[in-house]
Amino acid sequence: MESIQALQNEIIEDFSFLPQWEERYAYLIELGQKMEPLIEEYKTEENIVRGCQSTVWLHRECIEGKVHLLADSDSLIVKGLAALLLKVFSGQPAEDVLAADLSFFAETGMDQHLSSQRANGLMAMIEQIKAFAAKCAANEP
Amino acid sequence: MAIDIQKIRSDFPILHSEVNGHPLTYLDNAATTQKPQSVIEAITQYYTTYNSNIHRAAHHLSSLATEAHESGRRTVQRYINAEHEHEIIFTRGTTESINLVAFAFGEAFVNPGDEVIVTQMDHHSNFVPWQMMCERRQAHFRVIPFDENGELQLEVYENLLSEKTRIVAFNHVSNSLGTVNPAKKMIDMAHKVGAAVLVDAAQSVQHIAHDVRALDADFYAFSGHKMYGPTGIGVLYGKERWLDAMPPYQSGGEMIDLVTAEKTTYNKLPFKFEAGTPNIVGPIGLAAAIDYLNTLSFEDIQAHEDQLLAYGRERLLEIEGLRIYGNAKEQSSILAFNIEGIHHYDLGTLLDTQGVAVRTGHHCTQPIMAALGIDGTVRASLALYNSMQDIDALVTAIRKALKMLGR
């Protein structure tokens with residue numbers, strides 16, 4: 001599996017072909033539409049990420065020290081953002097997830113543009129993933 | 001005579017800016033309005049020529065600043081037709097105005113077993129302070145529900161009112177539905193049982209009639225920044241007899257008369273409720289906004305906004321699957337909607353990329369969203385400088401967003 005940094009570089013490259021934000025949103029929407037919907041039994045209260053205008057579910061599993069993630073949202077754009085996070089983080093060693101610096105937000109200008117990060121819940125998702133990676137790395141259930 | 005929309009738009013510099021490569025279409029006026037050049041200049045002039053603390057110093061700049069600040073109070077008094085200048089208390093905004101009354105009125109007049117009435121369509125800021133006061137004072141918190149059109153159920157209100165009711169609080173115009181509540185009628189009903197009434201005028205004072213004496217409101221709260229004035233300045237109007245009988249809300253400088261270790265006596269109205277150095281420039285900017293409104297005819301403003309609202313509803317309803325929330329007989333300035341199968345956040349985000357500013361979410365009115373069984377709406381809200389072209393831009397942007405979302 002490619003490293004977190006290599007996967008981030010891929011995203012940065014993908015975005016570099018899409019100079020307009022309209023195109024970038026179209027791309028995020030496409031990612032959202034392509035992502036498998038989460039099975040109903042994972043759409044639990046526990047898996048809801050708080051702090052978003054849309055509902056986001058984040059299912060987390062720790063298998064042999066690796067973080068495995070599934071996500072869904074009723075907003076296509078947020079689902080597309082979740083798809084980016086899953087691409088970068090899911091299947092990676094927990095230590096790597098913990099140590100990762102998410103450079104692709106700054107590199108793509110997403111951090112500037114998605115000013116309502118509180119509304120889309122991106123930061124809340126990252127926090128939850130990092131917190132889970134810490135538990136997974138420490139071998140906690 | 002109709003208002004000259006091009007002239008008005010030229011008075012608001014920000015309206016000529018571009019957002020995301022598109023000319024700005026600003027339709028988030030219920031959140032905050034833009035400011036005319038005259039307001040911006042009044043603030044700049046204060047800071048460049050007579051910035052000084054007020055009510056205290058014996059120097060020239062201080063007396064200029066004091067006069068301008070207090071002249072702002074008189075401008076507000078005239079705008080809402082209050083009887084006395086000292087019935088105008090400056091606050092940070094509507095939220096602080098309501099918190100002030102919820103605290104000080106509660107302390108003075110609300111006892112265990114008493115009742116307080118609000119509505120299901122109130123903003124959290126006119127809901128939670130009363131709820132907290134009821135907990136503190138062991139009073140009962142009552143809520144008037146609204147019907148499927150977004151109108152308050154006045155027969156329920158009638159039944160809730162009793163000799164136990166101490167105060168009723170409601171918004172004149174709902175920020176989420178645009179409903180214009182029958183304020184005068186509701187105030188008269190409350191007065192019949194001896195209850196006081198607070199009107200949350202945050203969404204009405206800039207759009208519809210705002211005469212506190214005609215309404216006979218006991219308290220009337222609004223924000224400067226939603227009526228073309230600066231942020232951080234709000235107004236609480238209260239009838240003198242209530243304000244006199246209420247204890248101070250915050251303490252410190254300005255609000256005192258004599259301070260000794262044994263006892264402190266309080267300053268007279270309005271200073272009793274204005275502890276500390278106030279937002280000095282706030283009333284100066286707010287007065288400039290009111291002066292600006294006074295250069296226009298309020299009837300013309302209302303006619304223009306009503307025409308825009310009707311046009312907006314008509315154009316939006318052309319969109320398949322679009323549902324408007326809020327269909328009261330009397331509506332003001334708000335177009336809240338959802339489109340079947342489309343999340344409000346996605347739509348709002350895609351409108352933003354096209355330079356159209358709206359708000360999405362629950363608009364600080366979770367009880368409304370719960371009653372409607374939704375978690376949010378897209379809300380376009382109007383101001384006097386909006387034009388038919390803004391509505392057209394909104395509709396065009398929605399159609400493009402729907403295409404992007406696969407509709």
**Condition broken by A:ASP14, with the remaining ones in (1) part of a helix (DSSP H, G or I); (2) open to solvent by 10 Å² or more (accessible area, probe 1.4 Å); (3) closer than 25 Å to B:HIS343 by Cα satisfied** = (3)
**Request:** Only helices (runs of 4 or more DSSP H) wholly contained in the range A:49-109 count here; list those with 1 or more residues that are within 14 Å of chain B (Cβ to nearest Cβ) and open to solvent by less than 20 Å² (accessible area, probe 1.4 Å).
**Result:** A:76-89
**Item:** Index of the failed condition, B:ASP352 passing every other in (1) within 11 Å of chain A (Cβ to nearest Cβ); (2) touching a helix residue (DSSP H, G or I) at 6+ places or on another chain (Cβ under 6 Å)
**Value:** (2)
**Asked** Quick check, is B:ALA393 modelled with pLDDT of 95 or more and within 18 Å of B:GLN203 (Cα to Cα)?
**Response** no
**Fill in**
Restricting attention to the range B:169-199, the residues that are in contact with a strand residue (DSSP E or B) (Cβ under 9 Å, 6 or more places away or on another chain), within 18 Å of B:TYR237 (Cα to Cα) and either part of a strand (DSSP E or B) or charged (D, E, K, R) (or both) number exactly 8
**Message:** Given the criterion surrounded by fewer than 23 Cβ atoms within 10 Å (Cβ to Cβ), part of a loop (DSSP other than H, G, I, E, B) and of a type in the set (D, E, K, R), identify the matching residue among B:GLU67, B:GLU83, B:GLU96, B:GLU107.
**Reply:** B:GLU83
**Request:** Collect the residues in the range A:17-48 that are outside any helix (DSSP H, G or I) and either of a type in the set (Asp, Glu) or free of Cβ contacts under 8 Å to residues at least 24 places away in the same chain (or both), keeping them in residue-number order.
**Result:** A:PHE17, A:LEU18, A:PRO19, A:GLN20, A:GLU36, A:ILE39, A:THR44, A:GLU45, A:GLU46, A:ASN47, A:ILE48
**Complete:** A:GLU40 fails exactly one of (1) of a type in the set (D, E, K, R); (2) within 14 Å of another protein chain (Cβ to nearest Cβ); (3) surrounded by fewer than 19 Cβ atoms within 10 Å (Cβ to Cβ), namely (2)
**Message:** Test of understanding: among B:LEU382, B:LEU335, B:LEU347, B:LEU394, which residue is within 14 Å of chain A (Cβ to nearest Cβ) and buried (at least 18 other Cβ atoms within 10 Å of the Cβ)?
**Reply:** B:LEU347
**Filter result for the condition that a residue is charged (D, E, K, R), in contact (Cβ under 8 Å) with a residue 60 or more places away in the chain and open to solvent by less than 20 Å² (accessible area, probe 1.4 Å), over B:GLU318, B:GLU330, B:GLU305** = B:GLU305
**Selection within the range B:122-145 - within 30 Å of B:LEU382 (Cα to Cα), outside any loop (DSSP other than H, G, I, E, B) and open to solvent by 20 Å² or more (accessible area, probe 1.4 Å)** = B:HIS124, B:VAL128, B:VAL143
**Asked** Inside the range B:146-158, can you point out the residues that are open to solvent by 10 Å² or more (accessible area, probe 1.4 Å) and under 21 Å from the mean Cα position of the chain (by Cα)?
**Response** B:PHE146, B:GLU151, B:LEU152
**Fill in**
Of the candidates B:ASN20, B:ASN51, B:ASN29, the one satisfying the condition of being in contact with a Ser or Thr (Cβ under 6 Å, 6 or more places away or on another chain) and open to solvent by 60 Å² or more (accessible area, probe 1.4 Å) is B:ASN20
**Request:** Would you please list the contacts, defined by Cβ atoms under 6 Å and residues six or more apart or on different chains, that run from a residue in the range A:55-68 that is within 19 Å of A:GLY80 (Cα to Cα) and in contact (Cβ under 8 Å) with a residue 12 or more places away in the chain to a residue that is open to solvent by 30 Å² or more (accessible area, probe 1.4 Å) and of a type outside the set (A, V, I, L, M, F, W, C)?
**Result:** A:THR55/A:ASP74; A:TRP57/A:LYS43; A:LEU58/A:GLN128; A:HIS59/A:TYR42; A:HIS68/A:GLU61
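The values are calculated or read from the model by the stated rules, or taken from the named source; none is laboratory data. Computed from a predicted model, the values in this text were never measured in an experiment. As a convention, Cβ positions derive from the backbone with ideal geometry for all residues, glycine included, and neighbour counts pool all protein chains shown. Just the protein is used for accessible areas: all its heavy atoms, side chains included, with ligands, DNA and RNA removed. Shrake-Rupley method; radii C 1.70, N 1.55, O 1.52, S 1.80 Å.
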